[in-house]
Amino acid sequence: PAAPVTVIGLGSMGQAVAAAFLKGGHPTTIWNRTAAKGRDLVARGAVLAHSPADAVRAGGLVVVCVLDREAAQGILGPVEAELAGRSLTVLTSLSPEEAEEMAQWAAERNISFLGGAIMATPDLIGDPEAASILYAGSHTVLREYRPALELLGATTYLGDSAARASLLETGLLASMYAMFAGFYHGTALVGTDGVTAEEFTALAVPWLKAMTTFLPGQAEIIDAGDYTTDQQSLEFNKGGLDHIIRISEARGIATDVMRPMAALVDRQVERGHGADSVARLVEGIRYPEA
Ligand code: NDP
């Protein structure tokens, strides 16, 4: 039989999580500060608990998906006695330090803690092609409740250091934001000649997909720490970036997005690394002063 689960926190994400458990046939107990948000889930078979303590006692796995660390700790602190000996998964977004502290807090109370970072929006929960959740912390919790957790999305375990999921999430988000920023710049630039965002996007999507195929090669160079190359040197890329900035300025658009990248390249070139691979930029980020 499907393991019982409890979902605490029924904002847009918590509701999607609880709905996925229900759809997968798991007996699901729910609790939310504002109880009315559980109405639809109750209609689909969820049991609304009257207090966090009742909610914890009802479930096998306790899943918390409230706004932030303060909210999570505010709910969990008072029910630590009920949580002792149980499995807890916190899907609330935490910083690596917060995740580590929460894991420590749980360990001191004999609570098995698994942190999760949701790489998806609520509407994608339940689709393993689109939703991915990174987990770190207790492997036992993940193994025991894997069938339930896999209902939420693709499930990746990153090891027993609880900070790891949030750290990797942050790295992925950084990659995403910089990519979006480049897309916005490109859209504004081509727009100076009336090209619509839609037309541009039709070209940008296959282009960006193709460019991601270079990442594994770059990763190899970075991990080996050997940046000697006969292609895609920093000097070559400096020319490319200067070109983008010149054309952008000539068309009167802002260059805020492109300048930090150009500055990183300049710094490496000034330090005599112009012939090295552009992947050396990671060193300029790792060691801002070097
Ligand atoms: P919502 O704003 O929709 O919901 C917030 C939830 O937190 C509600 O259940 C709310 O209760 C509860 N809450 C807030 N403050 C308190 C408090 N002091 N005490 C008790 N409960 C509290 O947020 P989401 O559901 O979107 O997000 C939940 C978590 O999921 C966040 O950490 C978010 O970063 C993460 N996440 C969300 C994504 C998204 O796209 N939405 C994507 C990836 C991660 P009440 O209903 O009573 O206000």
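Among LEU208, LEU91, LEU149, which one shows the biggest mean-square fluctuation in a GNM of the chain, springs joining Cα atoms closer than 10 Å?
Result for the chain, Cα springs under 10 Å: LEU208 fluctuates most.
Quick one: compute the contact order of region 16-127, relative version, from alpha carbon pairs under 8 angstrom and 6+ residues apart, as a percent.
Relative contact order, region 16-127: 24 percent.
Apply the Karplus parameterisation 6.51 cos²θ - 1.76 cosθ + 1.60, with θ equal to phi minus 60°, to every residue of region 210-219 and state each ³J(HN,Hα) to the nearest whole Hz, in sequence, with x for glycine and proline.
4, 5, 5, 5, 7, 5, x, x, 5, 4
Under 21 Å from the Cα of LYS37, which lysines turn up, not counting those fewer than eight places away in the same chain?
Leaving aside lysines fewer than 8 places away in the same chain, those within reach of LYS37 are LYS23.
What is the set of long-range amide H partners of MET119 at a cut-off below 5 Å, with H atoms built 1.01 Å from backbone N?
For MET119, whose amide H was placed from the backbone, the distant partners under 5 Å are SER132, ILE133, LEU134.
Evaluate the relative contact order of region 167-286 (contact order divided by residue number), counting alpha-carbon pairs under 8 angstrom at least 6 apart; express in whole percent.
Numbers: 83 pairs, mean separation 36.3, N = 120.
Once divided by the residue count of region 167-286, the mean separation gives 30 percent.
Can you give me the angle between helix 12-23 and the longest principal axis of the chain, using Cα atoms only, in degrees from 0 to 90, rounded to the nearest 10?
Roughly 60 degrees between the two axes.
So who's got an amide H within less than 5 Å of the one on ARG86, skipping anything under 5 residues away but keeping other chains? H placed 1.01 Å off N, in plane.
SER112
Enumerate the lysines that LYS238 could reach by cross-link, defined here as Cα to Cα under 23 Å, with residues fewer than 8 away along the same chain left out.
Correct list for LYS238: LYS209.
Which whole number in µm²/s is D for the chain by Stokes-Einstein, with the Kirkwood Rh taken over Cα pairs at 25 °C and 0.890 mPa s?
Working: Rh = 21.8 Å.
For the chosen part, D equals 113 µm²/s.
From the phi of every residue in region 44-59, what ³J(HN,Hα) in whole Hz does the Karplus formula 6.51 cos²θ - 1.76 cosθ + 1.60 yield, where θ is phi - 60° and glycine or proline is x?
Listing the rounded values in order: 8, x, 6, 9, 8, 7, 7, 8, x, 4, 4, 4, 5, 5, 6, x Hz.
Hey, what do the phi angles of region 155-167 turn into as Karplus ³J(HN,Hα) couplings, whole Hz, using 6.51/-1.76/1.60 and θ = phi - 60°, x for Gly and Pro?
10, 10, 9, 10, x, 8, 7, 4, 5, 4, 5, 5, 5
Given 37 °C and 0.692 mPa s, compute D for region 203-282 with the Stokes-Einstein relation, Rh being the Kirkwood radius over Cα pairs; round to the nearest whole µm²/s.
So the translational diffusion coefficient is about 240 µm²/s.
Taking H placed 1.01 Å from N in the peptide plane, check which residues at least 5 places from ALA46 or on another chain put their amide H under 5 Å from its amide H.
It is none; the list stays empty.
Only the coordinates and a few stated rules stand behind these numbers; no lab work does. Note that the coordinates shown come from a computational prediction; the quantities given were computed from them, not determined experimentally.
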